[in-house]
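The values are calculated or read from the model by the stated rules, or taken from the named source; none is laboratory data. Owing to the predicted nature of the structure, the values given are computational and were not obtained by experimental measurement. Cβ atoms come from the backbone with ideal geometry, glycine included; neighbour counts cover every protein chain shown. Just the protein is used for accessible areas: all its heavy atoms, side chains included, with ligands, DNA and RNA removed. Shrake-Rupley method; radii C 1.70, N 1.55, O 1.52, S 1.80 Å.
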Amino acid sequence: MIGLRALLSKRGVVALAAASGLQCAWNAHAQPVNPAPGKALVIMYRADRQAVAAKVPVVANADRLGDIGNGEYVSASVNPGRTFLRAGDRVLSTLTLQTAPNQTYYVLMEAVGSNPVRVDMRQVPAGTARDSLARSRPALAAPRAPLAAAPIVAAPAARPSAPAPAPAAPPARPAPAPAAPPPPQRQAAQPSAPAKPAAAPEPEEEEEEGDQRMWKLAVIAKTGTFSLGSTTQPIGGQPTSFKKGSKPVVGLEAELRHRDGLAFGGEVFYYKNEVSLNGSPLQGEQEVIAAMLNAKYYFSAKSWLYPFIGVGGGLSNGKFSGDIGGTMTGHAYQAMAGADIRFSSRVGLYLEYKFLKATTSDNTGQKLDVGGTGILAGLSVVF
């Protein structure tokens, strides 16, 4: 009886140690770890603003990390250098990181839409990711497997101890069993074959989405209303009235947009106003063309809403026609504010408030203020 109790006590200690080891393994898997020496650690976590139930597959370089849902995370240890991340099934989102050894990088994923589900990915600082990761759980369920495997390993260990002589013959019969493993190997080869073709299209999809490019070209066509700041000015010493509202008003702009929000480009802005000399029947029109170089910054308020502010400078040219003739040129400066409401990654509704300061003059020293304010709307297309 004493020997039996001692045996049971030893088994209890072993079981307790095994359970403690499994629990430690689970905790280690459940928390992000520091990068391995010489490696970089990438932690991708999902925090939807409006929760979407569907999960999306996540790939780092050529390794599939698993399917991630809202409130879950995955991590990958990668070699330093260019790291390519991809998420999604039918609609792909991609992100490229330039990683350094012994560094940890955090990538936030937000679901946009549900049929099909698409996620936006962007790199965030550790401080931003810390709170969300504290409430997140690992996306992979691999740590649970050892808990089920432990009793299975213990069971066979107990059986062979009693029938040691008899089982000598049965082991020869399991010889057909080795013949059965080939089919599983063929089945395992079948999934690996489609995995390679699936990885091949990545560059094409990546070019189609354009997510890997640091800079993207956008073209903006816009129109709206423009009001002159000064409606009464002298021309040749004669008081002259300008119609306040311009018609037509059009603008065409091309800019290079950086994925971090900066944008640089050029703009051509055109508007026309009616002109009349006071105290005479003489009438005409003033046409102004402003050619500007602009700098803007787009803020990422939501995945579809990008407010912006900007400034620009350039030249303005005023031309008169009708009963009044002549051409005047001068410098122009402007400030803009508005928003780009993006229906997709390529097309958006562009809204802008413009303040234009422009003064033109001719060779006689005559000067005119042709600036004003405008409210414009148009279409932005990203290539």
Result of the Cβ filter at 6 Å on the stretch 271-293, keeping first residues that are over 22 Å from P239 (Cβ atoms) and partners that are open to solvent by 30 Å² or more (accessible area, probe 1.4 Å) and assigned to a strand (DSSP E or B), at least 6 apart or interchain, is I289/Y270; I289/N317; A291/V268; A291/L315
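Quick one: which residue in G266, G284, G279, G251 is modelled with pLDDT under 95 and either outside any strand (DSSP E or B) or within 30 Å of R346 (Cα to Cα) (or both)? Reasoning before the result, please.
Numbers: G266 fails: modelled with pLDDT under 95; G284 fails: either outside any strand (DSSP E or B) or within 30 Å of R346 (Cα to Cα) (or both); G251 fails: modelled with pLDDT under 95.
Selected residue: G279, the only one of G266, G284, G279, G251 that is modelled with pLDDT under 95 and either outside any strand (DSSP E or B) or within 30 Å of R346 (Cα to Cα) (or both).
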Only one of (1) within 22 Å of S303 (Cα to Cα); (2) modelled with pLDDT of 90 or more does not apply to G88, and that is (2)
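Is it the case that G325 is small (G, A, S) and within 27 Å of the chain's Cα centre (by Cα)?
No; evaluated as a whole, the condition is false for this residue.
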Considering only the stretch 104-123, I want to know if a residue exists there that is at pLDDT 90 or above, of a type in the set (S, T, N, Q) and farther than 24 Å from A301 by Cβ. yes
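Take residues that are farther than 22 Å from D260 by Cα and in contact with a Lys or Arg (Cβ under 6 Å, 6 or more places away or on another chain) and tell me which of the strands (runs of 3 or more DSSP E) falling wholly in the stretch 55-99 contain 1 or more.
56-60, 63-68, 72-78
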Of the residues in the stretch 254-263, those that are assigned to a strand (DSSP E or B) and of a type in the set (D, E) come to E255
Using the structure shown, decide if I341 is part of a loop (DSSP other than H, G, I, E, B), touching a residue at least 24 places away in the same chain (Cβ under 8 Å) and of a type outside the set (S, T, Y).
no
Please indicate, with yes or no, whether at least one residue in the stretch 337-350 is modelled with pLDDT under 95 and open to solvent by 70 Å² or more (accessible area, probe 1.4 Å).
yes
